[in-house]
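This report refers to the structure that appears directly beneath it.
Nothing in this text is a laboratory measurement; each read-out follows from the coordinates by a stated rule. Computed from a predicted structure; not experimentally measured. When we count neighbours, we look across all protein chains shown, and the Cβ atoms used for this are built from the backbone with ideal geometry, even at glycine.
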């Protein structure tokens, strides 16, 4: 009986099967990044859907920043899961956080843009 095929094969053909607790924790982190992406998208849509008294150009700029951050968080979810699972399977050190700082700066930037738009 052959082992079932798992996606992505590039990850699962590496190394040995890690402790399931670590793989499940990695999956929870993946889902947390997806929730972050959804929150960023929701923020972008809310800036356009709700009657906010900010100047339209500044409000749209903040919404675009949130859309970009949401997309970045979704990409981080996949790439981070893949890199971590591969490291677990190889027994090598785990990768660092690639985009956390970018997300923090982006959220601050969006808040500043919206604040300027509300002030004008």
Members of segment 97-109 found to be in contact with a helix residue (DSSP H, G or I) (Cβ under 9 Å, 6 or more places away or on another chain), within 21 Å of residue 32 (Cα to Cα) and part of a helix (DSSP H, G or I), listed by number: 100, 102, 103, 106, 107
Test: residue 79 is under 30 Å from residue 10 (Cα atoms) and surrounded by 19 or more Cβ atoms within 10 Å (Cβ to Cβ): no
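Check every one of the helices (runs of 4 or more DSSP H) wholly within segment 1-96 and list those with 2 or more residues that are closer than 30 Å to residue 118 by Cα and without any contact (Cβ under 8 Å) to a residue 24 or more places away in the chain.
Working: elements: 9-12, 20-49, 56-90.
Hits in segment 1-96: 20-49, 56-90.
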